[in-house]
Every structure is written in C-alpha cells, then in structure tokens.
1. Just give me the residues in segment 295-318 being of a type outside the set (A, V, I, L, M, F, W, C) and either within 16 Å of ligand 1 (Cβ to nearest atom) or out of contact with any helix residue (DSSP H, G or I) (no Cβ under 9 Å at 6 or more places or on another chain) (or both), in sequence order.
2. Could you pull out every one of the strands (runs of 3 or more DSSP E) wholly within segment 325-427 that has 1 or more residues that are under 30 Å from L154 (Cβ atoms)?
3. For segment 231-241, check the following and say yes or no: at least one residue is open to solvent by less than 40 Å² (accessible area, probe 1.4 Å), more than 29 Å from V143 (Cα to Cα) and assigned to a helix (DSSP H, G or I).
4. From the list D421, D386, D410, D397, which residue is among the acidic types (D, E) and open to solvent by less than 30 Å² (accessible area, probe 1.4 Å)?
5. Out of the residues in segment 278-294 meeting the condition of being over 19 Å from the mean Cα position of the chain (by Cα) and open to solvent by 40 Å² or more (accessible area, probe 1.4 Å), tell me which one is farthest from ligand 1 (Cβ to nearest atom).
6. Testing E97 on (1) more than 18 Å from the chain's Cα centre (by Cα); (2) at pLDDT 95 or above; (3) more than 16 Å from ligand 1 (Cβ to nearest atom), one condition comes back false. Which one is that?
7. Is it the case, given these coordinates, that G54 is at positive phi, open to solvent by less than 90 Å² (accessible area, probe 1.4 Å) and in the same structural domain as S118 (by TED's automatic domain parsing)?
8. Would you mind stating whether N162 is open to solvent by 20 Å² or more (accessible area, probe 1.4 Å), of a type outside the set (D, E, K, R) and either modelled with pLDDT of 95 or more or over 18 Å from L245 (Cα atoms) (or both)?
Amino acid sequence: MIQKPKGTYDVFGEYGKKVKELEKIMNALMEKYNYEYIRTPHFEASELFHRGVGETTDIVSKETYDFIDRGDRNMTLRPEGTAGVVRSYIENKMYGEAINPRKLWYYGPMYRYERPQSGRFREFYQFGVEVFGTNNPMMDAEVISIPVNFYKLLGLKGIKVNINTLGDKESRDAYRNALLEYFKPHLDTLCEDCKERYSKNPLRILDCKVDANKDIMKNAPKIIDYLNDESKSHFESVKKYLSVLGIEYVVNPKLVRGLDYYTHTVFEVEANVEGFGSQNVLCGGGRYDHLVEMVGGPSTPGVGFAMGLERLMTALDYENINLVEHDHVDCYIVPMNTNDYSFALMQDLRLNGFSVDMDYMNRKVSNNFKQADRLKARFIIIIGEDEVNSNILTVKDNHTKEEFKVNTLDIIDFLDEKLEDCGCEEE
Ligand code: ATP
Ligand code: MG
C-alpha cells in the first residue's frame, strides 16, 4: 500500500466539514474587514525565500523543500506566505496604484521539512494578511485584531496575546550590539544553536527554548532600554490602539519571532490552555518596514500575520467547539423507476439554491427512509410513475412526518416557504 507522505494528512468526513465551515467564517471576516484576496504560486524561485525570509532563519536554513525543475531552475515550495505576496505586490506594481494602504489576505498550504509531531506538519495551511503602505500604528493594532476577532467569533476562549517591539533599524542595531557584548563572555554556556545565532542573528538567542531558563537569559538586556524616541512612541501608540479596540495583551520582552525582517511590533497569539501541548502558538506576525525593499521594490512599510489552521482545529476540539451547523440536505429524492424525471428535478432544485441528494442505488422504500435520516434530509420527495403522470409530487416533511401533495410547478415556492418557516434555510 502506498501511504501518504510523512507529515501530511487527509481531510474528509467530520474534519472536512469543520474545515469548510472555518473557511466560510474566514471569508466572511475578511469581507467585513474589507481585505482583498490574493493567491500566489505554491512554488517560487528559491532566491525569493533566501532574500525575503532570510538565510539565517530556521525556515530557510533547515526546512525548505527545494527542487530543480526540468529547466534547471532552483525552485522552492513556499514555506510561508509573506515572501510571495511581497513579490506579487512589487511585480504587479501595486505600490503605484491609488488604493493605499493595500490590504491583502491569503489562505493556502505551506511546506516545511520539519520533524512531524502534534501541531507540526510538513504540509500545513495558513491564513494570513499583509498590509502595505502605511506605518500608522493603528494598522498594527488592526492586524492584531484580526486573529483575535476570528478566535472570538469561533468562540475560542483560552487565548493570550503577546506583543513586543524590536524598534526601528537604529534601535534594533543598538540592541543587537548590546546583546553581542552581553553574551560574549558567556558564549560557552549557551547551546550549539545559540552559538551560531550569536554570529548570525543574536536577537534570536532570546527565542531559544533550550537555554530559556538559564539566569544568563533572564538577565539579558531588554529591548525597551534601547528604543529611540520614535520607536518608543510607535509602540506606545500600538498599545493604546489595542486598548481602544478592547484587546487584552501582555508585553513579552523576550518575544522576537523567528524571522529576520521584523521591525517595531511583533506579536503572537497562543492557546492559553493547560495541557494543550508545546505547539501552542496559534499565530504570529509583526511589522516589516524594510521587507519590500529587501525583495527589490520601493521602500514601503508593511505589517501582517500568519496563522496555522491545524493548531486552531486542535484548539477548537480542546474547547469542544462544534462549528458544523448546516450539516443536512434540504431534500432527498426517492425515484421509483423515474430516474430521468427525478434526476431532472434534482438539477432544477439545485439550480434554485436547495441542497439536494437522491437515491442512486435503487434502494427499497424503507432503506431510503434510513438513508434520508443519515443525510439529515429535511424533506423527502417520492417520485413514482403516478407522480410523473399527474405532476403532483408527494413531499414528506422528515421532521414532522407530515405528507403534502405539491404541484411540480409550485415545488420551489413550497420548499422556500417551509424552509423559511422552520428557520433552517441556508443563508
Ligand atoms: P514555531 O515556533 O511553532 O515553529 P514559527 O515561528 O515557525 O512557529 P510562523 O512561521 O510564524 O511559525 O508561522 C505562523 C503559524 O503557522 C504558527 O504560529 C503556527 O500556527 C503555524 N505553523 C508554523 N509551522 C507549522 C507546521 N510545521 N505545522 C503546522 N502549523 C505550523
Ligand atoms: Mg517553525
């Protein structure tokens, strides 16, 4: 038997319904926020990720799926969404258009060659946004509000918003130097990864899970002491706007995030539920005012986030949240030697907005009633030769068990009315 690749999973059944429902809620949310949908290719030139994500990040140094295509080009399956969206923003000259800020959202699969475990897959889905063209701290707060509101809409309770600032380039450089000086005499006490981080990206030493509890980490310099006035004031405004939106947060000075490109605000939302597991970061993001330039476009500020769908699904399960409401069909058609007529009626009803299924198996009547129950059919339409000849359909209400005779010409009005009465019509 050929099995699915390690770190991947199949979606079907109840899980599939839940995913579809989640996608609907996501779509509706992005409509309300007035964000524009963007889709970019699932693979890009490898160089894009080297420039756009950063050579020293775990993602690029250890986790990419690289391949050489038949034309000898170096390609990479996208490990994250931002680089592709930035490329598209530049390539399609969106910076030159009148719409500003440009607020984009995406949803799709990402690929990382990681050690598979709970909450960590090799193919996983991310929902994210990227906003270009404004450095207004209001936008940092808006971007943070999107996942927070999404989780709220879903009814998720145990979440915690962590924020921090890395400051602008000047502040970040000053902090970087302070860290280099601070860690220099203690280098041999740090883990191997941290030794490498020291030379490549010292901020990420703070992110280390191995050394996290050592005193040397706890006493490390704090970014807040290295921020210049502009960076301080940006961060103060972000915090104020979060309060204006009624969003609770915690300032976590050790939050630096794995990517090189962040400036100013960084944030993560974690599932704050005991026993959830170590992969508890549901989403992360921040401001990246130099990224567009780094990828080759004009200097343009940006801010965004990305959330993993798998961890969210686990969190929903954890809190026993059931999203699937429209788990039924409006009509189930039972043809009794009237396949042509029944099949045509199903087509007609579907085109008029009803969800319809029928018997394809020539079941006996009693088995058809069982099947209608399994499909949670609201109405059962039984069509024998009499019905075809008279054009009067027998419609059974599967909730009240009442039976109606309905003229074919009136069936749509009849179903409309009944489904509206019971309040179970789909939006
Ligand atoms: P982590 O520290 O957990 O590795 P990360 O910093 O690599 O996360 P990001 O690149 O910021 O994660 O991605 C944003 C979100 O995407 C994460 O918060 C998580 O929900 C999700 N995510 C990242 N990697 C995976 C993965 N391998 N499998 C499932 N979800 C993932
Ligand atoms: Mg990771």
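The values are calculated or read from the model by the stated rules, or taken from the named source; none is laboratory data. Quantities reported herein were computed from a predicted structural model and do not represent experimental measurements. Cβ sites come from the backbone with ideal geometry, for glycine too, and all protein chains shown count toward neighbours. To get the accessible areas, we keep the full protein, side chains included, count just its heavy atoms, and leave off ligands, DNA and RNA. Shrake-Rupley method; radii C 1.70, N 1.55, O 1.52, S 1.80 Å.
1. Listed by number, the residues that qualify are G302, G304, G308, E310, R311, T314, D317, Y318.
2. 329-335, 356-358, 377-383
3. no
4. Every option except D397 fails the conditions.
5. E293
6. Of everything listed in (1) more than 18 Å from the chain's Cα centre (by Cα); (2) at pLDDT 95 or above; (3) more than 16 Å from ligand 1 (Cβ to nearest atom), E97 misses just condition (2).
7. Spelling it out, G54 is indeed at positive phi, open to solvent by less than 90 Å² (accessible area, probe 1.4 Å) and in the same structural domain as S118 (by TED's automatic domain parsing).
8. Considered against the rule, which asks whether it is open to solvent by 20 Å² or more (accessible area, probe 1.4 Å), of a type outside the set (D, E, K, R) and either modelled with pLDDT of 95 or more or over 18 Å from L245 (Cα atoms) (or both), N162 comes out as no.
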